[in-house]
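These notes are about the structure you will find just below.
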Amino acid sequence: MKISAVRGVKDILPEEVWKWQFIESASRRIMENFGFSEIRIPVFEYTELFARSIGQGTDIVEKEMYTFQDSKGESLSLRPEGTAGVVRACIDHHRLQPDSVSKLYYTGPMFRHERPQKGRYRQFYQIGAEVFGTDNPWVDAEILSMLHLLFEQLGISGTVLQINSLGCTECRPVYRKALQKFLRNEQASLCTDCRRRTAGNPLRVLDCKRPDCKEATQSAPSVLASLCRDCMAHFEMVKGTLDLMGVPYEVNERLVRGLDYYTRTTFEILTDQLGSQNAVAAGGRYDGLVEQLGGRPTPAIGFALGMERLAALLPEETNHSRAKPLYLAPLGDAAMERMPLLLHQLRARGIPVDTDYLGKSLKSQMRQADRIGAAYVGILGEDELNDGVILLRNMETKAQTKVPLEGFVDQIAETLAGEGA
Ligand code: HAM
């Protein structure tokens, strides 16, 4: 019986994989230019790590994690995001020293048991970055300018950066109270989830997609009006620096995010091209999380972008060409016997080359050479073997030359180098 892939999980096939590689290599280049180093963290962690960082009352922890018990009865979960694991790793390895800044990035699959739809998967790939050790608002702006440059270099247009500030441990409780007071008067218009959230997680009500809840919270108090002086000054500085750098943004005072660890600056980059799954990248500051997870108090900020969503926005005309290969077409057993050594020598010189392993006709081998975009085909039949040559065909000009079998590797290396391949 045929077994198909799990619902909400996607194969990335060779025709599409260039998009992932293209996004990854552009991101790595930019992040390394900005002083980030890569960290690779485990795909699963103790469930408690996610519960304590993302928050018990969040959708992710309440209903979206893939959680299982190992044979010792420990509760483990597949990572739904990367921030918690990076913080845990930094604490474990004593990497967060006072008076020092660490910039780390990561890429890899994340897992959330969400209802699958266009742009929303149960296994999806993120590229994320985190900066530890400073609450300087310039760094908030720097992270956003890095994303802005990345999108520009990927040729992605039509996105909007929205920013907000969620305040700190001083002013957030004041806002929370004001919002709860407002929501208690609106209970009749709110959905069951939002009625429940009013007591435990009132900010999330502002993020509910149901039209009734949206309408009921239209005149809810703004988080920005409750910011303390320090948080207000911080937010002004972030905006001023973005203005200075020419990074466009909108302020959205209802932007609250679905994870509990955020403080001060939060942001999302949105597109109108992906239906309801409109966030391509998101993140914010989380100045209390390191301490909450047992590290020394360390302010931090970061983001993650969704690779599937970004890949869907990549312009089709993106230039992702790689070096055109050489194709060797052996005809007959004697010619095929020459292939292993010849291919090995060519590959050892760094020349991309492929061949036919199935004893096919010249016609079908030429078709295969076309399919892989070969620049040259080297034909080795009985006549060529007798004459000690390979017939080299330029697939663009159709010109054919005989190259001595002896010096073939050197000559083809020279020809390709001359063409700048
Ligand atoms: P997040 O908003 O949960 O934040 O996810 C970031 C991005 O991952 C989203 O904007 C979206 O592009 C993508 N994404 C999320 N869920 C899915 C899904 N089911 N299918 C496809 N793509 C998805 C975080 O994960 C935070 N850790 C970001 C962060 C880093 N904050 C501070 N540092």
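Points worth noting:
- Gyration tensor verdict on the stretch 145-272 (Cα atoms; rounded if a/c is under 1.5, prolate if a/b is larger than b/c, oblate otherwise): oblate
- Under the convention that each Lys and Arg Cβ holds +1 and each Asp and Glu Cβ holds -1, the size of the dipole of the chain around its Cα centre is about 1580 debye.
- Normalised contact order of the stretch 326-418, rounded percent, pairs of Cα under 8 Å and 6 or more residues apart: 29
- Rounded to the nearest 20 debye, the dipole magnitude of the stretch 326-418 is 360 debye, with +1 charges on Lys and Arg beta carbons, -1 on Asp and Glu beta carbons, and the Cα centre as origin.
- Given R0 = 60 Å, the distance between the Cβ atoms of Leu244 and Phe44 translates into a calculated FRET efficiency of 0.90.
- Stretching the chain fully between Ser321 and Gln187 yields a gain of 42.5 nm (0.36 nm per residue, less the alpha carbon separation).
- Stretched out straight at 0.36 nm per residue, the stretch from Leu13 to Glu253 would grow longer than its current Cα-Cα span by 82.4 nm.
- Whether the chain is rounded, prolate or oblate, judged on the alpha carbon gyration tensor where a/c under 1.5 counts as rounded: prolate
- Count Lys and Arg as plus one, Asp and Glu as minus one, and take only other residues whose Cβ is under 14 Å from that of Pro98; the net charge is then -1.
- Global geometry of the stretch 1-151, whether rounded, prolate or oblate, following the gyration tensor of its Cα atoms and the 1.5 cut on a/c: oblate
- Taking 0.36 nm per residue of sequence separation and removing the Cα-Cα distance, the Glu337/Gln411 pair yields an extension gain of 24.5 nm.
- Among beta bridges that DSSP assigns inside the stretch 317-421, antiparallel share in %, nearest 5: 55
- In units of the rule-of-thumb radius 2.2 N^0.38 Å, the stretch 326-418 shows an alpha carbon radius of gyration of 0.97.
- Nearest 10 degrees, 0 to 90: helix 229-245 Cα axis against the chain principal axis: 30
- Nearest 10 degrees, 0 to 90: helix 362-371 Cα axis against the chain principal axis: 30
- Percentage relative contact order, the chain, counting C-alpha pairs under 8 Å, at least six apart: 15
- Applying 1/(1 + (r/R0)^6) with R0 = 25 Å to the Cβ-Cβ distance of Asp370 and Arg115 gives a FRET efficiency near 0.05.
- Ordering Ser364, Tyr376, Pro315 by Cα displacement along the dipole of the stretch 274-417 toward the positive end leaves Pro315 in first place; charges were set at the Cβ atoms of Lys, Arg (+1) and Asp, Glu (-1).
- Folded to 0 to 90 degrees: helix 333-348 orientation relative to the chain principal axis, Cα: 50
- Residue list for the stretch 149-169, given a label point 7 angstrom along the Cα-to-Cβ vector of Asp230 and an amide N cut-off under 15 Å: 166-169
Bear in mind these aren't lab numbers, they're just calculated from the coordinates by the rules spelled out. These numbers were taken from a predicted model, which means no experiment stands behind them. Cβ: placed from backbone, ideal geometry, glycine included. Neighbour counts: every protein chain shown.
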